[in-house]
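Enquirer: Before anything else, here's the structure in question.
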Amino acid sequence: MKQGPLKGIKVLDFSQVLSAPFCGMMLADMGAEVIKVERPGPGDISREYGPYINDISLYFCQYNRGKKGIAIDMRSEEGKKVVLDLVAQVDVVVENFKAGTLEKLGIGYDKMLEVNPGLIYGSISGFGTYGPLSHLPCMDIIAAARSGLVAQSGQAGDAPIKPGFSLCDTWAGLQLLRGLSMALLHRQRTGQGLRVDIAMLDCAFYMCESPVLEHSLTGAFTERTGNHHAWYAPYGEFAAKDGNLVLAVSQESEWTALCGALGLASLAADPRFSDNEARVKNRDALIQELEKVTKGMGRYELEAALSEAGVPAAAVQSLQEFHRQPQTETLDVITQIQQEGVGTYTVTNTPIRFSRTPVDPNASAAGHPGAHSREILQGLGYGQERIDALLSSGAVHQAG
């Protein structure tokens, strides 16, 4: 069987909830051996997040699939020794604690380098490892609010709205994956490890494009334009007979094609809409004129007609409709996983594809905190007597 691109890479994953676990999930999908460290008892905070089947969090299972699990009391001296023994054997450490947490326990980055000088250490925190906000806790919506991402979302004149998904968490996880990949390449070339620091706040602002460009020219940031583009028209969401449609006209040839496809020669000749600048200036009038036609047609009918004419267009679909699309099925965007204690459940597939190596999400997440503790300790070369002592003392916990 073909091996994943990261086969042979070992990762120690201290992460919780979403941002860094999302990165660890992709590392496991690509063939890395990922060992997830949790606290004994409740484990990862996200084990408390629904939905549940048989008291098992599918949220946790989704983002921790393919990982082995060990539960360690990192406040105990014996637990810290186990952590450092694990660090000595891995290529990568991943964590998303509040800055300084592992340092306070005496097992921070500098201590890890003592046992593994070539270590690649990746961390995600809300606001980075230094600066006036670095000590504060952070969740996705906090980074979105502080970065301006929330303020830029929503209709002008209405209250701002947060994005519909955890963009800051997942985007930070993707940035950590990129950073770790480059750090592995750097180590391959130089023999030296690297520390990779990701701040969710930075990642949220990194997504900001046009407003920053406009600020560089005018000194002001673009105001919210809701579901329409600030610089192009028609470019946004329009009402159809059975829902909504989005158009993305950014070239004059597309505007001409749109008018032709919808039988709107009069609009093409209207001086209010003579070029993009004029259409942006008269956006409200343009929307009214276009919706006189679009409201009388089905969204998929419009999508087909405009796509055929070369105009970027798409029906606004629900997740259920997206799930049923042939494109979704062909690319395995959604896949099924067998999970012990759950059975089969649906997950999003890792979207990275390679020509010669597989990406395999079809592996179970840890059933309970410390599901593989004995196996992992044996892999460190610990004898049975020492393993029993660690389990008896509570420094390490074995599920079941």
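Enquirer: Please go through segment 51-62 and pick out each residue that is at pLDDT 90 or above and in a loop (DSSP other than H, G, I, E, B).
Expert: The answer is Pro51, and nothing else.
Enquirer: While we're here: Do we have Asp360 as buried (at least 17 other Cβ atoms within 10 Å of the Cβ) and either in contact with an Asp or Glu (Cβ under 7 Å, 6 or more places away or on another chain) or free of Cβ contacts under 8 Å to residues at least 24 places away in the same chain (or both) here?
Expert: Here the answer is yes, as Asp360 does meet what is asked.
Enquirer: Considering only residues that are more than 20 Å from the chain's Cα centre (by Cα) and closer than 21 Å to Phe22 by Cα, which ones fall in segment 346-372?
Expert: Thr357, Pro358, Ala366, Gly367, His368, Pro369, Gly370, Ala371, His372
Enquirer: Can you tell me which of (1) assigned to a helix (DSSP H, G or I); (2) touching a residue at least 60 places away in the same chain (Cβ under 8 Å) is the one Pro40 doesn't meet?
Expert: The failed condition is (1).
Enquirer: Then there's this: Test Arg272 against the stated conditions and say whether it is open to solvent by 70 Å² or more (accessible area, probe 1.4 Å), free of Cβ contacts under 8 Å to residues at least 60 places away in the same chain and in a helix (DSSP H, G or I).
Expert: So Arg272 fits the description; yes.
Enquirer: Could you look through segment 105-126, keep only residues that are closer than 15 Å to Lys81 by Cα and hydrophobic (A, V, I, L, M, F, W, C), and pick out the one that is surrounded by the most Cβ atoms within 10 Å (Cβ to Cβ)?
Expert: Among those residues, the one meeting the criterion is Met112.
Enquirer: Would it be correct to say that Gln3 is within 18 Å of the chain's Cα centre (by Cα) and either in contact (Cβ under 8 Å) with a residue 40 or more places away in the chain or within 15 Å of Gly122 (Cβ to Cβ) (or both)?
Expert: Criteria not met by Gln3.
Enquirer: Of the conditions (1) over 19 Å from Gln338 (Cα atoms); (2) at pLDDT 95 or above; (3) touching a helix residue (DSSP H, G or I) at 6+ places or on another chain (Cβ under 7 Å); (4) not charged (D, E, K, R), Phe14 fails just one. Which one is it?
Expert: Evaluating Phe14 over (1) over 19 Å from Gln338 (Cα atoms); (2) at pLDDT 95 or above; (3) touching a helix residue (DSSP H, G or I) at 6+ places or on another chain (Cβ under 7 Å); (4) not charged (D, E, K, R) leaves (3) as the failure.
Table: residues versus (1) closer than 23 Å to Asp29 by Cβ; (2) of a type in the set (Phe, Trp, Tyr).
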position: Asp110; (1), (2): no, no
position: Leu113; (1), (2): no, no
position: Tyr121; (1), (2): yes, yes
position: Val150; (1), (2): no, no
position: Gln155; (1), (2): no, no
position: Ala159; (1), (2): no, no
position: Cys168; (1), (2): yes, no
position: Leu180; (1), (2): yes, no
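Enquirer: Then there's this: For segment 275-295, state whether one or more residues are among the polar types (S, T, N, Q), open to solvent by 60 Å² or more (accessible area, probe 1.4 Å) and more than 24 Å from the chain's Cα centre (by Cα).
Expert: yes
Enquirer: For segment 66-86, what are the residues that are assigned to a loop (DSSP other than H, G, I, E, B), of a type in the set (Gly, Ala, Ser) and closer than 23 Å to Phe22 by Cβ?
Expert: Gly66 - this is the single residue of segment 66-86 that is assigned to a loop (DSSP other than H, G, I, E, B), of a type in the set (Gly, Ala, Ser) and closer than 23 Å to Phe22 by Cβ.
Enquirer: With respect to Asn64, determine if the residue is of a type in the set (S, T, N, Q) and within 23 Å of Thr357 (Cβ to Cβ).
Expert: So Asn64 fits the description; yes.
Enquirer: Give me the pairs, please: first residue somewhere in segment 384-400 and assigned to a helix (DSSP H, G or I), second residue anywhere and of a type in the set (Lys, Arg) and open to solvent by 80 Å² or more (accessible area, probe 1.4 Å), beta-carbon distance under 8 Å, and either six or more positions apart or on two chains.
Expert: Ile387/Arg374; Leu391/Arg374
Enquirer: Moving to a separate point now. Select from segment 185-221 the residues that are more than 16 Å from the chain's Cα centre (by Cα), of a type in the set (Gly, Ala, Ser) and closer than 22 Å to Cys23 by Cβ and list them in ascending order.
Expert: Gly193
Enquirer: Consider only pairs whose beta carbons are under 8 Å apart and that are at least six residues apart or on different chains; among these, list those whose first residue lies in segment 163-187 and is in contact (Cβ under 8 Å) with a residue 24 or more places away in the chain and whose second residue is hydroxyl-bearing (Ser, Thr, Tyr) and open to solvent by 10 Å² or more (accessible area, probe 1.4 Å).
Expert: Listed pairs, sorted by first residue: Cys168/Ser147; Trp171/Tyr206; Gln175/Tyr206.
Enquirer: When the residues of segment 63-77 are filtered to those that are in contact with a strand residue (DSSP E or B) (Cβ under 8 Å, 6 or more places away or on another chain) and charged (D, E, K, R), which remaining residue is modelled with the lowest pLDDT?
Expert: Arg65
Enquirer: What do you reckon, is Ala399 at pLDDT below 80 and either more than 31 Å from the chain's Cα centre (by Cα) or surrounded by 13 or more Cβ atoms within 10 Å (Cβ to Cβ) (or both)?
Expert: Here the answer is no, as Ala399 does not meet what is asked.
Enquirer: Across segment 203-228, what is the number of residues that are open to solvent by 40 Å² or more (accessible area, probe 1.4 Å), touching a helix residue (DSSP H, G or I) at 6+ places or on another chain (Cβ under 8 Å) and modelled with pLDDT of 85 or more?
Expert: Qualifying residue count, segment 203-228: 2.
Enquirer: Please go through segment 87-96 and pick out each residue that is surrounded by fewer than 21 Cβ atoms within 10 Å (Cβ to Cβ), in contact with a strand residue (DSSP E or B) (Cβ under 8 Å, 6 or more places away or on another chain) and in a loop (DSSP other than H, G, I, E, B).
Expert: Once the filter is applied, which keeps residues that are surrounded by fewer than 21 Cβ atoms within 10 Å (Cβ to Cβ), in contact with a strand residue (DSSP E or B) (Cβ under 8 Å, 6 or more places away or on another chain) and in a loop (DSSP other than H, G, I, E, B), segment 87-96 yields only Gln89.
Enquirer: Select, from Glu385, Glu340, Glu329, Glu375, the only residue that is more than 22 Å from Asp242 (Cβ to Cβ), open to solvent by 60 Å² or more (accessible area, probe 1.4 Å) and within 22 Å of the chain's Cα centre (by Cα).
Expert: Glu329
Enquirer: Find the residue count for segment 97-139, including only residues that are polar (S, T, N, Q) and either in a loop (DSSP other than H, G, I, E, B) or over 15 Å from Met200 (Cβ atoms) (or both).
Expert: 4
The values are calculated or read from the model by the stated rules, or taken from the named source; none is laboratory data. Worth saying up front: this structure is predicted, and the values here are computed from it rather than measured. Counting neighbours? That spans all protein chains shown, and the Cβs are built from the backbone with ideal geometry, glycine included. Areas reflect the complete protein model, heavy atoms only, side chains present, ligands, DNA and RNA absent. Shrake-Rupley method; radii C 1.70, N 1.55, O 1.52, S 1.80 Å.
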